[in-house]
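Encoded as structure tokens, the structure appears first; notes follow it.
Here, each number is a calculation from the coordinates, and none is a lab measurement. Predicted model only: the values in this text are computed from it and were never measured. No Cβ is skipped: glycine too gets one built from the backbone with ideal geometry, and neighbour counts run over all protein chains shown.
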Amino acid sequence: MEILRSGIAAGRWKTQMPSEAELCRELHVSRVTLRRAIEQLVHTNWITPGGRGRHHRIRKKTQKSRSAQGTIIRALSPYSLSDMGSVHHVMIDTMIELLGSSNYRFEYEHRPAMYARHSPDELKRMCSLPDTAAWILYYSTPAMQRWFAGNEFPCMVIGRPHEDSELPCIFPDLAAAGRHAAGLFYQRGHREMVYLIAEFTSINDRLTSKEFVQEAQRLGANAQILTHDRDPLALTRKLETLLASRPRPTAFFSTCPEHCLTTLCYLLSSKLRVPADASVISGWEDEFLHYAHPQFAYYRVDGAKFGNRAAMLLLDVIQHGATRRAMPILPEFMPGGTLGRVE
């Protein structure tokens, strides 16, 4: 329902909706699911039912005047574009294309200092940048989310919201992936598990680490969170200490694919067989994972689909105002040779 409503708000469909068969194929949903969403849109006066064999008609909605709005969508992030992975680039490219079709331009604001120390004055200066229509927040801190919500700037969070945040958001449900990964490890005989997490990370990643540990413990396994610097050398030093401990961990999970690759290489260099002696799962996909041997087990999010939904949600926020909406995207598990039964 949210996807359809955002598409209507963005002007993707002008006078009538596509056929139900077309919408089912595009959204990968059943006819029953689609009709429930249609019923909600009819009930909230977004569309008028078309009747047997006829398309549903779109009702005209009163929109805010574009004259008082800017034309630039600004994305705020602590990381440069070169640091973002391949899936993120697909997301951004898709958003740029769809936002451009509504006459918006996309600008990427790399501001690491704003994440190191919360500064309301600096946020206020940044939001006074000319011709700004809305903000997209990457890796936003709880303080940052509260500030944007309190100042009522058109804004959307890409990532999981803070528990008291009022901002609309879209995020991969990595917590579900974390619980699933703990179960996969347990099914294959792993009883000592580790969640690898960098010093600076997202709210989503921190929640996922807790869910992973709790699910492992619920199943009867031991699990710990290993916090490390983003530098590969710092991670290998932590792994060296970890592997010297007893009982030695045999299962490793991280939502950072770069750190998963570092972990795999270190395990192999330590003469451990993967997956016979140790297994690794990446909670996020990246292009280079497909060139590793053994090939990674990982969780996949369709970057184009994610970017499409994010753009539609943001256009709805701009044109109809922000309401608290959370749009989780469930990752798909992709099996690989780094996951196996421990011997």
What number, rounded to the nearest 500 deg cm²/dmol, is the helix-based mean residue ellipticity at 222 nm of the chain, given -39500 (n - 2.57) per DSSP H run of at least four residues and division by all its residues? -13000 deg cm²/dmol
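Quote the charge dipole size of the chain about the Cα centre in Debye, to the nearest 20; the model charges only the Cβ of Lys and Arg (+1) and of Asp and Glu (-1).
Result for the chain is approximately 1180 debye, rounded to the nearest 20.
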Each residue of segment 94-104 in order: what ³J(HN,Hα) in whole Hz does its phi give by Karplus 6.51 cos²θ - 1.76 cosθ + 1.60, θ = phi - 60°, with x for Gly and Pro? 5, 4, 4, 5, 6, 5, x, 5, 9, 6, 10
For segment 91-137 and segment 239-282, compute the distance between their C-alpha centroids and round to whole Å. 37 Å
Positive-end residue, segment 187-343 charge dipole about Cα centroid, Cβ charges, pick of G283, Q187, G303: Q187
I'd like to know which of H259, F171, Q16 lies farthest towards the positive end of the charge dipole of the chain, counting +1 on Cβ of Lys and Arg and -1 on Cβ of Asp and Glu. Q16
Considering the Cα trace of the chain, what is its radius of gyration and what is Dmax, both in angstroms? 22.2, 69
Relative to the first principal axis of the alpha-carbon coordinates of the chain, what is the inclination of helix 174-187, with its axis defined by its Cα atoms, in degrees from 0 to 90 and to the nearest 10? 30 degrees
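If you take every DSSP beta bridge fully contained in the chain, what fraction is antiparallel? Give it as a percent rounded to 5.
15 percent
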What is the calculated FRET efficiency for R125 to R273, with r their C-beta to C-beta distance and R₀ = 51 Å, to the nearest 0.05? 0.40
So, in the chain, how many Lys pairs have Cα atoms under 23 Å apart, if the pair is 8 or more places apart or on different chains? 6
Taking K and R as +1 and D and E as -1, what net charge do the other residues with C-beta under 9 Å from the C-beta of D316 add up to? +1
Shape of segment 82-130 from its Cα gyration tensor (a ≥ b ≥ c, root eigenvalues): rounded if a/c is under 1.5, otherwise prolate when a/b > b/c, or oblate? oblate
Relative contact order of the chain, pairs being alpha-carbon contacts under 8 Å that are 6 or more residues apart, as %: 19 percent
What is the gain in length, in nm to one decimal, between D229 and S86 on full extension, counting 0.36 nm per residue of separation less the C-alpha to C-alpha distance? 49.3 nm
Classify segment 60-172 from the C-alpha gyration tensor, please: rounded if a/c falls under 1.5, else prolate or oblate depending on whether a/b exceeds b/c. rounded
Through the Karplus equation 6.51 cos²θ - 1.76 cosθ + 1.60, θ set to phi - 60°, convert the phi angles of segment 30-41 into ³J(HN,Hα) values in whole Hz; use x for Gly and Pro. 7, 5, 5, 4, 4, 5, 5, 5, 4, 4, 5, 5
